[in-house]
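Scroll down for the structure; my scribbles are underneath it.
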Amino acid sequence: MDPKQKFEELRNNAKKDLENFSDCLQELILLRNKYLAKKGLIPLMMNNIKDVEDKKAFGELYNSCKNEVEALFNAKISELEAKKLNEELKKEKIDITLPGNNYDRGVANPFYKVINEIEDIFLGMGYSIETGPEVDFDKYVFELLNIPHDHPARDMQDTLYIDNNLLLRSHTSSVQAHVMEKAKGKPIKIICPGKTYRRDNDDMTHSHQFAQVEGLVIDKNINLGNLKATLELFAQKMFSKDTKVRFRSSFFPFTEPSVEVDISCFNCKGKGCNICKGTGWIEILGAGMVHPNVLRMSGYDPEVYSGFAFGIGIERVTMLKYGILDIRKFYQSDLKFIAEFKKVVEE
Ligand code: FA5
């Protein structure tokens, strides 16, 4: 057959096949291979070139047929692919009117929120943050704090003993002795938040495990006025700007003078309410000037150096700040309790 005719026939057959073709992409590819694959009907035509006289004309016919059939198949394949994509997009259309899944966001425990706030306030005043061991030697918890073995103050801070010499610390004041030991006579300005343990009966305001933040400043010319100004600023930042601070004399073996520190009631502003039990004042911490014996035992000359220290009960401050009536709520892992503070804690 005349090559021209043969190519014309191939071209027409391909067109007809494509017209009758269903919309299956895989079948279309098979059909394309029938005409255009290496051993497809069109490439096989090249086997005849050796018998043809006008090879150039044959080559031109071959190329134009191949290109035309290729373009037809490519157009059809693109059309089918676009159709398939459209169908998929239609199927995957998102109904934005459907309600979404509600995932509950966690919320910080108000106790940790208060620790962070306390740290921020004191960092802002140039303090650094220390840590100390919860299981500690008698020496650091009592002896170096001017509480010898037979001192009656030990009765108020009875705790769990691992052996005669090792115990769960009953206050963070133990960190004072560690920090002074490390500082080797140099000035100190630290706070230390951490857990403490006591053989106390659990009730609404007492727990056998609770947390304190210890503060210790040692330098030349530190006085009680510095302590008062520091605690006043702390109370105003923690509670409100108009909070007043009151010192009542007290006793701690490791401070002299020693004070209990009250703040004016943030609820009734001093008039008397059930939070302050009608007194207008709320006790939040113990403090005092570092006792000369404590300074001396840790290598500081009390004639040269003086200092102040304080110990804040973190749960108590959190209870006051958020109106929590029972300290035991902090340890019950009750998500409902924490969720109650979602709004205030995130503010
Ligand atoms: C002390 O623990 C002293 N170390 C504080 C101190 C430090 C005084 C530095 C001077 C210089 P006190 O026992 O008062 O003091 O405890 C301090 C605070 O810890 C209390 O005001 C209270 O807020 C908290 N606290 C004491 N016992 C308990 C308890 N069982 N449960 C919860 N909080 C407690």
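Assign unit charges at the C-beta atoms only (+1 for Lys and Arg, -1 for Asp and Glu), then state the dipole size of the stretch 223-286 relative to its Cα centre in Debye, rounded to the nearest 20. It would help to have the intermediate numbers written out before the result.
On the way: 9 positive and 6 negative charges, 61 e Å.
In total the dipole reaches around 300 debye.
Using a Debye calculation, one point per C-alpha and no hydration shell, please list log10 I(q)/I(0) for the chain at q = 0.10, 0.14 Å⁻¹ in order.
Summing over Cα pairs of the chain leads to -0.70, -1.11.
For the stretch 1-134, taking Cα atoms only, what is the radius of gyration to one decimal and the Dmax to the nearest whole Å?
35.6, 103
Can you compute the equivalent ellipsoid semi-axes for the stretch 156-254, i.e. the square root of 5 times each eigenvalue of the Cα gyration tensor, sorted largest first and rounded to whole Å? Intermediate values should be presented prior to the final figure.
Numbers: eigenvalues 138, 90, 28 Å².
For the stretch 156-254, the semi-axes come out at 26, 21, 12 Å.
Over the stretch 160-314, what is the relative contact order in percent, taking alpha-carbon pairs closer than 8 angstrom and at least six residues apart? List each step's numbers first, then the result.
Working: 304 pairs, mean separation 36.4, N = 155.
Once divided by the residue count of the stretch 160-314, the mean separation gives 24 percent.
Say we join alpha carbon atoms closer than 10 Å with springs in a Gaussian network model of the chain; which of Asp200, Asp163, Asp120 then has the biggest fluctuation?
Asp163
Report, ordered by chain and residue number, the aspartates and glutamates lying within cross-link reach of Lys244, taken as a straight Cα distance under 13 Å and ignoring same-chain residues fewer than 8 apart.
Partners found: Glu232, Asp262, Glu283.
Pairs of Cα atoms under 8 Å, at least six residues apart: use those to get the relative contact order of the chain, whole percent.
Numbers: 510 pairs, mean separation 52.1, N = 347.
Relative contact order here is 15 percent.
Put +1 on the Cβ of every Lys and Arg and -1 on every Asp and Glu Cβ in the chain; which of Leu89, Ser240, Leu123 then has its Cα farthest towards the positive end of the dipole?
Farthest along the dipole direction, towards plus: Leu89.
Quick one: of the DSSP bridges fully inside the chain, what percent are antiparallel, nearest 5?
Values: 42 of 44 bridges.
DSSP beta bridges in the chain are roughly 95 percent antiparallel.
Straight-line reach from Lys182: which lysines have a Cα under 30 Å away, not including same-chain ones fewer than 8 places off?
Excluding near neighbours in sequence, the set is Lys113, Lys139, Lys195, Lys220, Lys228.
To the nearest 500 deg cm²/dmol, what mean residue ellipticity at 222 nm is calculated for the chain from DSSP H runs of n ≥ 4 alone, each contributing -39,500 (n - 2.57), summed and divided by the residues? It would help to have the intermediate numbers written out before the result.
Numbers: 13 runs with 143 residues, N = 347.
About -12500 deg cm²/dmol.
Please work out the C-alpha center-to-center distance from the stretch 155-189 to the stretch 1-28 and express it in whole Å.
95 Å
For the chain, with all protein chains present and a 1.4 Å probe, just round the carbon and sulfur fraction of the accessible area to a whole percent. Walk me through the intermediate numbers first.
Values: 10470 of 20140 Å².
Carbon and sulfur atoms account for 52 percent of the accessible area of the chain.
Relative contact order (percent) for the stretch 241-282, with alpha-carbon contacts under 8 angstrom and 6 or more residues of separation?
Relative contact order, the stretch 241-282: 30 percent.
If I fit a long axis through the Cα atoms of helix 224-238 and take the longest principal axis of the Cα atoms of the chain, what angle between them do I get, 0 to 90°, rounded to 10?
40 degrees
For the stretch 43-105, please report how many Lys pairs fall under 30 Å Cα to Cα, leaving out neighbours fewer than 8 apart on the same chain.
Lysine pairs meeting both conditions in the stretch 43-105 amount to 13.
Suppose we look only past 19 Å in the calculated P(r) of the stretch 22-78. What percent of the Cα-Cα pairs does that tail hold? It would help to have the intermediate numbers written out before the result.
Details: 548 of 1596 pairs.
Considering the stretch 22-78, 34 percent of its Cα-Cα pairs are separated by more than 19 Å.
Using r as the Cβ-Cβ distance of Ser250 and Lys342, and R0 as 35 Å, what FRET efficiency do you calculate, to the nearest 0.05? Don't skip to the answer; put the middle values down first.
On the way: r = 38 Å, r/R0 = 1.08.
According to the calculation, E is roughly 0.40.
Let a ≥ b ≥ c be the square roots of the eigenvalues of the Cα gyration tensor of the stretch 183-330; is it rounded (a/c under 1.5), or, if not, prolate (a/b larger than b/c) or oblate? Show your work: numbers first, answer last.
Details: a/c = 2.29, a/b = 1.56, b/c = 1.47.
Prolate shape, in that a/c is at least 1.5 and a/b is the bigger ratio.
Quick one: accessible area per residue over the stretch 207-271, 1.4 Å probe, rounded to a whole number of Å²?
Working: 3050 Å² over 65 residues.
I get 47 Å² per residue for this part.
The values are calculated or read from the model by the stated rules, or taken from the named source; none is laboratory data. The structure presented is a predicted model; accordingly, all values stated were derived computationally and were not measured. Please note: Cβ atoms are built from the backbone with ideal geometry, for glycine as well, and neighbour counts cover all protein chains shown. With ligands, DNA and RNA removed, areas are computed over all heavy atoms of the protein, side chains included. Shrake-Rupley method; radii C 1.70, N 1.55, O 1.52, S 1.80 Å.
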